[in-house]
Amino acid sequence: MENGGMYGTTNGLLPEKRKRVMVVVDQSIHSRHAMLWALTHVANQGDMLTLLQIQTPNTLNKETTSSSSATPPDNVLVTSLGALCKACKPEVEVEALVIQGGPKLATVVSQVKKLEVSVLVLGQKNSSPILRCLGGMSSTEKFVEQCINTVDCLTIGVRKQSKGIGGYLISTRWHKDFWLLA
């Protein structure tokens, strides 16, 4: 099941010169950093920014059991983030999608193909020092790495540097943890 909304005006047709940028969003601050980075560094006037929220059965169960009152509608997160993007950069069209379904990687791959995405942007978080010493990765890092290696479009993992250093660490198929001061 898909819920979506458009922010801005469009006739439903995307001219060939426009690119579609997709950002996978969730409740984490890392996905918000990725969204803002994509909005300021990738999306240009006339481009389409698609915010994709994937709700797996596990996510839905956690949300329904964690609140004692009625749960908010599925699209509250992407709707509010879409409105924020439109307020920050009105020349970029913003589309908000909520997909309820199966495995996250398969959902991202299918949506990238279906929507003909040019650039996929994913938020990354720093792994714990202990996990790094053991050569392991968090589930988020594994997901980003799988997307970078699997998805057919340019896929960028974005990690905000610490407060004292500034900038972003960017990972693609060709560069890992490339520091971008911006």
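The values are calculated or read from the model by the stated rules, or taken from the named source; none is laboratory data. Given the structure is predicted, the values throughout are model-derived calculations rather than measurements. With ligands, DNA and RNA removed, areas are computed over all heavy atoms of the protein, side chains included. Shrake-Rupley method; radii C 1.70, N 1.55, O 1.52, S 1.80 Å.
Take the cross-link list 113/142; 114/176; 89/142; 114/163; 86/176; 113/163 and give me the ones stretching past 29 Å between alpha-carbons. Long pairs (Cα-Cα over 29 Å): 89/142; 114/163; 86/176; 113/163. Surface calculation, 1.4 Å probe, protein heavy atoms: residue 76 sits at approximately 70 Å² accessible.
Residues 39, 115 ordered from highest to lowest accessible area at a 1.4 Å probe: 115, 39.
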